[in-house]
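Here's the structure, in structure tokens; my notes come after.
The values are calculated or read from the model by the stated rules, or taken from the named source; none is laboratory data. Keep in mind it's a predicted model, so treat the numbers as computed, not measured. Cβ placement follows ideal geometry from the backbone for every residue including glycine, while neighbour counts extend to all protein chains displayed.
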Amino acid sequence: MTHGSQTKLSMPSIEAIVFDLDGTCLSTEQLIVDVARRVLQRKGSSLTKEALEQSIGKPPLDAWQSTIDALGLEASAEDLYAESEAELTEHWHDASYMPGALRLIHHLRGQTASLKIGLATSTPRAVLAKKIQNKPLLQRVFQAVVCGDDDDIRGRGKPHPACFLKVCSLLSVEPSRTLVFEDAPSGLVAALEAGCHCVYVPSIANDSAEEALSEAMRQRVTRIPTLLAFDPVAFGLDAFRDTVEGTIPFVEHPESVIRIRGTVVKGFGRGSSELGIPTANVDTMAVARVLPGATTGIFYWWASLPGKYPGTVYATALSIGWNPFFKSGDDDVGKTCEPWLLHDFGGEDFYGAEIAVLVLGFIRPESGEFSSLEALIDRIKEDGEVTKRVLAGEAMMAFREDEFLRGR
């Protein structure tokens with residue numbers, strides 16, 4: 001099992017790629033969680049981390065039953081499902097692509113004609129149509145689609161391997177030559193039980209699903225923090241050819257550009273005091289509305305402070321994550337979003353100010369593997385220099401004029 005930095009694996013050649021949908025291809029997580037919270041609040045309850053972990057990745061009715069069991073509710077899964085589905089139906093098409101998903105699918109389509117691509121989802125077929133109604137790529141890329149309400153799958157949802165066995169059969173490939181992309185513990189188990197290899201991109205932070213697996217199963221798992229960290233060469237596939245100075249720009253697929261508008265809040269103060277690198281921490285709820293909860297990494301973006309400096313745009317290096325280098329004791333308080341505006345503001349802070357950002361590319365995964373504080377500082381400064389050079393490109397400069405940065 002590898003984590004993030006992948007080396008070439010010893011395995012049969014890959015003949016098929018199979019994707020999960022929710023949390024892997026599409027960022028439906030926040031839509032589903034927000035609606036579930038509202039439904040439970042109306043029932044006088046609340047969604048706990050335990051209930052979320054037990055329900056994620058399962059067919060909707062099974063997910064609601066797991067939630068009921070975890071919370072000890074006196075309610076029926078059918079009633080809660082009907083209530084939540086009525087609300088979600090109006091918003092399924094709003095789901096955006098997961099970071100790196102659009103790029104990866106486009107890349108895989110360009111592989112040899114013999115590489116097959118399938119979908120195995122717990123989503124009912126009618127709901128799938130709603131989720132992808134404005135996603136033409138997802139409407140045409142899959143050569144086989146298995147849904148949770150298919151007659152021979154109903155009642156055997158993930159973690160049962162039936163969905164992956166069926167999609168392999170439809171694609172006429174052996175599971176041992178199939179690579180599955182999954183985000184949920186139940187999907188991970190289903191893929192491995194079917195005999196597939198699995199790239200696991202957990203949608204729950206600090207997920208430890210692999211600990212319950214046998215050693216033989218763990219050998220077929222590659223865990224990465226985001227699809228942006230996937231290395232196709234490790235699986236005998238063609239390398240990506242879109243990188244710029246080792247970074248992944250989003251502008252080739254404009255739908256991948258991420259827009260965040262929030263408020264600057266007070267952080268740990270480490271940026272200035274310990275690192276000598278002042279940051280303007282963004283309200284994490286603003287980030288959660290547009291980025292999946294477990295997404296982490298170092299990015300580059302344009303940022304503006306429209307209320308304080310209207311019309312001015314700043315190059316920015318951004319860290320989204322859990323500060324693993326500092327993780328200990330009382331400091332382990334949650335995920336942060338820390339932009340480093342590459343401009344000298346003379347020590348001024350912006351607490352309470354509105355900040356608008358366009359995330360335009362990915363530099364590297366978050367890492368706690370630094371030998372010293374000095375090594376971390378050197379790497380952050382290197383990230384800043386890379387940001388300046390990449391954002392100086394013509395395609396990146398064009399985004400400086402985006403109306404979103406002007407507060408509109």
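Just one of the listed residues (Asn323, Asn281) is over 15 Å from the mean Cα position of the chain (by Cα), at pLDDT below 80 and crowded, with 17+ Cβ neighbours inside 10 Å, and it is Asn323.
Taking residues in the range 271-291 that are more than 15 Å from Gly352 (Cβ to Cβ) and of a type in the set (A, V, I, L, M, F, W, C), and partners anywhere that are modelled with pLDDT under 60 and outside any loop (DSSP other than H, G, I, E, B), the pairs with Cβ atoms closer than 7 Å and at least 6 places apart or on different chains are Ile277/Gly271. Across the range 23-50, the number of residues qualifying as among the polar types (S, T, N, Q), within 16 Å of Glu83 (Cα to Cα) and not in a helix (DSSP H, G or I) comes to 2. For the range 113-169, a residue qualifies if it is within 18 Å of Gly187 (Cα to Cα) and either in the same structural domain as Pro60 (by TED's automatic domain parsing) or touching a strand residue (DSSP E or B) at 6+ places or on another chain (Cβ under 6 Å) (or both), and the qualifying residues are Ile117, Gly118, Leu119, Ala120, Ala144, Val145, Val146, Cys163, Phe164, Lys166, Val167, Cys168. Only one entry of Cys168, Cys147 meets the criterion of being free of Cβ contacts under 8 Å to residues at least 60 places away in the same chain and buried (at least 17 other Cβ atoms within 10 Å of the Cβ), and that entry is Cys147. Picking from residues in the range 88-136 that are without any contact (Cβ under 8 Å) to a residue 40 or more places away in the chain and within 21 Å of Leu237 (Cα to Cα), the one that is surrounded by the most Cβ atoms within 10 Å (Cβ to Cβ) is Arg109.
For Ser186, are the conditions met, namely being modelled with pLDDT under 95 and part of a helix (DSSP H, G or I)? Yes; evaluated as a whole, the condition is true for this residue. If you check Gln41, Gln54 for being surrounded by fewer than 22 Cβ atoms within 10 Å (Cβ to Cβ), under 30 Å from Ile105 (Cβ atoms) and not assigned by TED's automatic domain parsing to the domain that holds Ala191, only one passes: Gln54. Quick check on Pro202: is it assigned to a loop (DSSP other than H, G, I, E, B) and under 14 Å from Leu21 (Cα atoms)? When the stated conditions are applied, Pro202 passes them.
Of everything listed in (1) farther than 30 Å from Pro254 by Cα; (2) in a helix (DSSP H, G or I), the single unmet condition for Ile153 is (2). For the residues Ala398, Ala317, Ala356, the requirement of being more than 22 Å from the chain's Cα centre (by Cα), modelled with pLDDT of 85 or more, aliphatic (A, V, I, L, M) and not in a loop (DSSP other than H, G, I, E, B) singles out Ala398.
Considered as a group, the residues in the range 52-62 that are within 20 Å of the chain's Cα centre (by Cα) and part of a helix (DSSP H, G or I) include one that is modelled with the lowest pLDDT, and that residue is Glu53. In the range 93-105 there is at least one residue matching the filter, namely being in the same structural domain as Asp231 (by TED's automatic domain parsing) and among the basic types (Lys, Arg).
With the condition kept exactly as written, say whether any residue in the range 367-385 is out of contact with any Gly (no Cβ under 6 Å at 6 or more places or on another chain), assigned to a strand (DSSP E or B) and either touching a residue at least 40 places away in the same chain (Cβ under 8 Å) or of a type in the set (Val, Ile, Thr) (or both). No - not one qualifying residue is present in the range 367-385. Hey, any hits in the range 58-69 for a residue that's within 19 Å of Thr24 (Cβ to Cβ), free of Cβ contacts under 8 Å to residues at least 60 places away in the same chain and not assigned by TED's automatic domain parsing to the domain that holds Asp207? Checked against the condition, which is being within 19 Å of Thr24 (Cβ to Cβ), free of Cβ contacts under 8 Å to residues at least 60 places away in the same chain and not assigned by TED's automatic domain parsing to the domain that holds Asp207, the range 58-69 yields at least one hit. Would you confirm, using the coordinates I've provided, whether Pro232 is more than 19 Å from Leu115 (Cβ to Cβ) and touching a residue at least 12 places away in the same chain (Cβ under 8 Å)? Judged against the criteria, Pro232 is not a match.
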